[in-house]
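Below you'll find the structure, written out as structure tokens, and then a few comments.
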Amino acid sequence: MTAWLRGLADSRRPGSVADRFRQRRFVMFRELIDALPGPVRILDVGGTTLFWERVGYAGHDRVEIVLVNLMEQDAPHGNITAQVGDATDLSRFADDAFDVVVSNSVIEHLSTLELQARMAAEILRVGRRAYVQTPNRYFPLEPHFLFPFFGILPIRVRVFLLRRMDLGWYKRQPDPASALGDVRSVRLLSGGELRQLFPAARIVRERLLWLTKSYIVLDGWDEPAGSPDHGSVGRPAGRPHKSRQ
């Protein structure tokens, strides 16, 4: 069962459920970026070169990309540079330094709402526009541990389960401290919490059947984006985009 669920949830596997959602995101994202006047300067918080190769902007002379991640990584394309840094402290960058700040499935890996708020504030500070994707806390299948409603179970229950079995992308951790560390490495957000963190943004729902699987935060864009299959949470974007100085 675990292998089957991992196959569905593996965005690297062509045709998987996760890959189909990712391809739809790519279409939306390219529409947003291609509508901007070039050159477009992008900061990817927690991103990798592989993402930009897949989305089609690696080596693209119209787009300049800066990756910030906790670990060093290669950046073999001329339009991509990589830096080691912390998503909650982007003080090396000036206000509005980037046309767009991108972050895919990163903010949920900060362990507290306070840290997530600091990351959100930094994204809004350094970017004229933001594109932030993150899973929905209340989707029935938690995407990291691949266990029903894992993200809303009490922490002690999550630790109990992980000490006794492999869960999704996480190996069994018999040691209580190690299990607790893994459990606390993921804190999924609700739509309401995202609204608090990005109060002026349009928050797009990605749906699987009638259920919200994940959210895309769009802040500062001129026009909302999304296919007819996308709904939104709360009011539309209220922060106008900031033009280049």
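Any read-out appearing in this document is the output of simple, stated calculations on the displayed coordinates, not a laboratory observation. Owing to the predicted nature of the structure, the values given are computational and were not obtained by experimental measurement. All Cβ positions, glycine included, derive from the backbone under ideal geometry; neighbour counts span all protein chains shown.
In this simple spin-label model, placing a label point 7 Å from the Cα along the Cα-to-Cβ direction at both Arg62 and Arg125 gives a separation of 3.2 nm. Can you classify segment 26-100 as rounded, prolate or oblate using the Cα gyration tensor, where a ≥ b ≥ c are the square roots of its eigenvalues, rounded means a/c under 1.5, and otherwise it's prolate if a/b beats b/c and oblate if not? It comes out oblate by the Cα gyration axes. Under 5 Å between amide hydrogens, built in the peptide plane, is the criterion, and for Ala82 it picks out Leu67 among residues at least 5 positions away or on other chains.
Grab the Cα-Cα distance for Gln83 and Val27, subtract it from 0.36 nm times how many residues apart they are, and report the gain in nm with one decimal.
On the way: separation 56, 0.36 × 56 = 20.16 nm, distance 2.69 nm.
Additional length available on full extension: 17.5 nm.
Annotation: amide H of Ala87 has no partner in the under-5 Å range at sequence separation 5 or more or interchain, hydrogens built in the peptide plane. Computed from phi, the 3J(HN,Hα) profile of segment 129-140 under the Karplus parametrisation 6.51, -1.76, 1.60 (θ = phi - 60°) reads 9, 9, 9, 10, 10, 7, x, 8, 4, 9, 5, x Hz, with x in place of Gly and Pro. In plain terms, the chain from Ser178 to Leu211 could stretch by 8.6 nm, reckoned as 0.36 nm per residue minus the Cα-Cα distance. Give me the one-decimal nm value for the distance between modelled label points at Asp222 and Arg54, 7 Å along each residue's Cα-to-Cβ direction. In this crude label model, Asp222 to Arg54 measures out at 2.9 nm.
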